[in-house]
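Okay, so here's the structure we're looking at.
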């Protein structure tokens, strides 16, 4: 016959042992060795440098692509005199101002 136990009863659950200091130090040492080994790998270094260069190039490309059209449109508006028309239209549409 099996005894039915509830989770709250003492002595029924297995005690989970926390890893001691020597176990943790061994685990950290293994991770440190893996990290050092990976950092010494030429393929990882090449991939990291290539990724960094690609990120810088992509950031520069997006910055230039955003700035040029804005400057071009601003110059076109200024050159064609549309700025005055837009200002007059904005004043006409603003509620509460005299439209004289």
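Each reported figure results from applying straightforward, stated rules to the coordinates on display, with no laboratory input. Predicted, not measured: the structure shown is a model, and the values here were computed from it. With ideal geometry, Cβ positions are generated from the backbone for all residues, glycine too; neighbour counts draw on all protein chains shown.
Here is how the numbers come out for the structure above:
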item	result
Extension reserve of the residue 34-residue 88 stretch, reckoned as 0.36 nm per residue once the Cα distance is removed	12.6 nm
Nearest-0.05 FRET efficiency for residue 25 and residue 77, computed from C-beta distance (R0 41 Å)	0.05
Size descriptor, Kirkwood hydrodynamic radius, that averages inverse alpha-carbon separations across region 23-93, Å	17.4
Label-point separation in nm, residue 65 to residue 50, each point 7 Å along Cα→Cβ	2.2
